[in-house]
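The values are calculated or read from the model by the stated rules, or taken from the named source; none is laboratory data. Bear in mind the structure is a predicted one, so any value in this text is a computation, not a measurement. Neighbour counts are summed over all protein chains in view; Cβ atoms, including those assigned to glycine, are modelled from backbone coordinates with ideal geometry. In case anyone asks, the SASA skips ligands and DNA or RNA and just uses the protein heavy atoms, side chains included. Shrake-Rupley method; radii C 1.70, N 1.55, O 1.52, S 1.80 Å.
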Amino acid sequence: MGRSLRSLTAYSRPFTVPNTRKATTGCPFSKRQRSQIAPTASLNEEIFANAKPYSEVPGPKPIPLLGNTWRMVPIIGQFDISEFAKVTKLFLERYGRIVRLGGLIGRPDLLFVYDADEIERLYRREGPTPFRPSMPCLVKYKSEVRKDFFGELPGVVGVHGEQWRKFRSKVQRPILQPQTVKKYVTPIELVTEDFIKYMEKARDENCDLPHEFDNHIHRWSLECIGRVALDVRLGCLSPQAGSNSEPQRIIDAAKYALRNVAVLELKAPYWRYFPTPLWTKYVNNMNFFVELCSRYINEALERLKTKKVTSENDLSLLERVLQSEGDPKIATIMALDLILVGIDTISMAVCSILYQAATRLEQQDKMADEIRRVLPDPSKPLSYSDLDKLHYTKAFVREVFRMYSTVIGNGRTLQEDDVICGYHIPKGVQVVFPTIVTGNMEQFVSNPDEFRPERWLESNGRLHSFASLPYGFGARICLGRRFADLEIQVLLAKLIKMGKVEGKRRVGRRKKSWLRNIREWTNIVSVETLFRLAQDRKKFAELTANLQ
Ligand code: HEM
């Protein structure tokens, strides 16, 4: 596993890193990502004494009364909240490797850190209950609005401290155990086969996919997560699942819940003081989820009563949690958390990955060769060990995450004072690690503008382990990452093996930029054809000629 904590003298070093790749192995999903080790390190008095004061951290200056929130307000503000990815890049260009965004109404300061060494140090010393500053609206929902339901163990998402640790320790083992994930290779393969059939039917006379492709990807991801967290096939891929169907309502509710979090939290959060229409809709959405999960968990509990179980291996993830905890509420809340964050994240990642595959035929060919070599017999069901051999394919995904991260960043609330990039930062500040920027910085990655999956398989070259961490790190690392990897690998293996994934682009779109955020990628995907199971490669080359 990775390096030990860096010397504290690193704080005063110039903003460069040595030309070596750190703590990496050939596998893009290597041990360094799985580490739960969080070494502690105490900062001595001298370091604090030499640190510059917090007030000197560069950043946009708050205006009296209005604070910095005005910058996020459309029309008069500079920064469009939906373009948060661009804002994070702009901050680096304007202010440097540490940026303070203070004076936000109703919330602590945000501190953007663009230094992978510092990010590593902060992750590694975060202790047993890391505090990820996310979703105060979900906190309010769980701890106030529906305290009756969530009680003392409200889950992991939007939960902190001891409550988080207790809940996570109850569900972490079954969710992250490779033997649990292995059990889902076939179920996810079946869902994915249905998805491919579904998409084939949805193609038009030119073999193009419908415009609302992202909605279809959501159906696939919801069907996968329903199978994992609720033990059911929700029916999202059935032709009967129309716009008023339950699956579509779940998709809409999940999108709404996730996409309005930034709006609720970063624009003036008046919902904290009175129920705004946006807040009321958010609460209704959440109530819908709670009811849905409760219903399916109760059904699973009934099934379990009559199921013959000889070993733990006979049990699904949900059944394991139901049996070991003996409390259906734990299973309901686990399912709710997995669904809340497991639909949109993976859908956007898959849109981005397929888009890159569709526009990078050389790399796609390499994936196809590897997939055909490792999985020569199309009639043989996929296995976990075979998927594990798809090194290039996994590296391709990793490279998409690095260059076009679908998660803008991660973050932690400081639980004690610290010295970051030479400044004394007080406890309570929310530190943002903008992966979407650091993964593309020359200081941390050799030739960052080059899309080169091979970099993840080589041991030379600069590739800082903490510059691009798609699933976060440490005790709070993404709980669904093994399922996310599995779903992505199964989809790529099935799709690319069948034929070429192709895409074309609307003429006259804005200039391509690595910073384009995923919402925009998804638009391209939905407005234009994302992929075709190809026949005409020449035509495709013409269509995509000016894309790069
Ligand atoms: C490619 C898709 C995904 C990406 C990029 C992603 C990324 C992340 C990140 C960055 C975090 C924060 C980790 C940290 O604080 O260190 C996180 C947390 C989480 N993710 Fe994912 N995720 C993905 C898919 C999923 C899926 C499919 C599920 C559910 C099956 C899921 C469930 C969770 C949960 C429950 C947490 C909260 C963990 C906690 O706070 O204890 N994620 N994810």
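Observations on the model:
- Cα radius of gyration and Dmax for the stretch 271-316 (Å): 18.0, 53
- Rounded to whole Å, the principal axis extents of the Cα atoms in the stretch 353-460 read 59, 30, 27, largest first.
- Stretching the chain fully between ARG94 and ASN244 yields a gain of 49.3 nm (0.36 nm per residue, less the alpha carbon separation).
- Cross-link table LYS183/LYS494; LYS86/LYS140; LYS170/LYS380; LYS255/LYS389, entries beyond 24 Å C-alpha to C-alpha: LYS86/LYS140; LYS170/LYS380; LYS255/LYS389
- Packing, taken as the mean count of other beta carbons within 10 Å per residue, orders the peptides 341-348, 49-56, 280-287 from highest to lowest as 341-348, 280-287, 49-56.
- As a rough guide to protection, the peptides 301-308, 269-276, 113-120, 478-485 ranked by mean Cβ packing within 10 Å, highest first, stand as 113-120, 478-485, 269-276, 301-308.
- With the highest mean first, a sort of the peptides 237-249, 391-403, 419-431, 137-149 on other beta-carbon atoms found within 10 angstrom per residue produces 391-403, 419-431, 137-149, 237-249.
- Accessible carbon and sulfur surface of the stretch 290-434 relative to its total accessible area, %, 1.4 Å: 52 percent
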